[in-house]
Every structure is written in C-alpha cells, then in structure tokens.
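Take a look at the structure set out below.
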Amino acid sequence: MRTKEIISFLLVLLTLSVSAQTERKSIRQGNREFKKNDFTNSEISYRKALEKNPSSYKANFNLADALYKQDKQDEAIKQLEGISSSKVNDLQKSNVYYNMGNSYLKQQKLKESIESYKKALRLNPNDNEAKYNLAEAQRKLKQQQQQQQNDK
C-alpha cells in the first residue's frame, strides 16, 4: 500500500519536472526569436510556454513584450493586466506597470500612461526610466491640453 503511494508521488514529481523543462525551453526559444526581432515566432513560443504553465511570470511578461513590438498594444495591455493582478513581487509588478505605461503612451492614451508610470514608481521609486517616461507623458498631456485651449 505504501509503495503505491510513493510511486504515484514520484510520477507526479516527474511529470511536473518535465512540464517545467518544456516551459523553460519554450521561453528560451522565444527569447532567441525575440533577440532576432522575430516577434511573431517569439509570441508563439511564449504561448507554448503558457500552455504548460499559465501562471508563468516570465512567459506572460515576455509575451506582452512580443505583442508590444508587433504594435498589438491592446493585447499587450490585457496580458499585462493579468500579471498585475497575480501574486508577483513588487519589482516585477513595477515592471508590469512600466510596460503598461509604454503601451498606453504608444497609443497616445496619456492619462492612462501617467497613471501606470505612477503605479510603477510607487513600487520602485528608483526607476529612472519610469521617472523619465512619466515626465514625458505629463509634458505631452500638457502640450495636448494647451493645443485644445488654443483651438477654442
């Protein structure tokens, strides 16, 4: 009786180990494709990794980057929103909000980008890139508001 339990436990561990290896393999493949600017295939590889482990921070985050590079901003934001609500550490969450800010900025959704950069900075106040991008988004918003005033 006890032997069956041990064997079952070992089989479960082996299955989990193999699954984790294929997840990491897909992420590494996606990273190689990403470095070659092959964002479509990197997206496919990251999605394969997520089939193995849907809660993988790396696969989700990298998929959002691949979507961003393909100008699929709405999809990238949706992907990042899923990560921001999951259990990740503050630095990871800060990176998520920073990338959300970039996606919003690229879409000229300035208020949303500003809010995302502020969230990133609350979690990581030393992020100089987030500080710079926040200032840039605020500058663009002010410029946009001045232009609207001039048009009236």
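What follows draws every value from the coordinates through simple rules; no lab data is involved. As the structure is a prediction and not an experimental result, all values here were calculated from the model. Please note: Cβ atoms are built from the backbone with ideal geometry, for glycine as well, and neighbour counts cover all protein chains shown.
If you wrap the Cα atoms of the stretch 41-152 in a convex hull and average its projected area over all directions, you get 7.3 nm². Of the peptides 95-102, 112-119, the ranking by mean beta-carbon count within 10 Å, highest at the top, reads 95-102, 112-119. Dividing the summed -39500 (n - 2.57) terms of all DSSP H runs of n ≥ 4 by the residue count of the chain sets its mean residue ellipticity at 222 nm at -28500 deg cm²/dmol. Projected label points at Gln145 and Lys131, each 7 Å from Cα along the beta carbon direction, are separated by 2.3 nanometres. The slack in the chain from Arg122 to Gln107, taken as 0.36 nm per residue of separation less the alpha-carbon distance, amounts to 3.1 nm.
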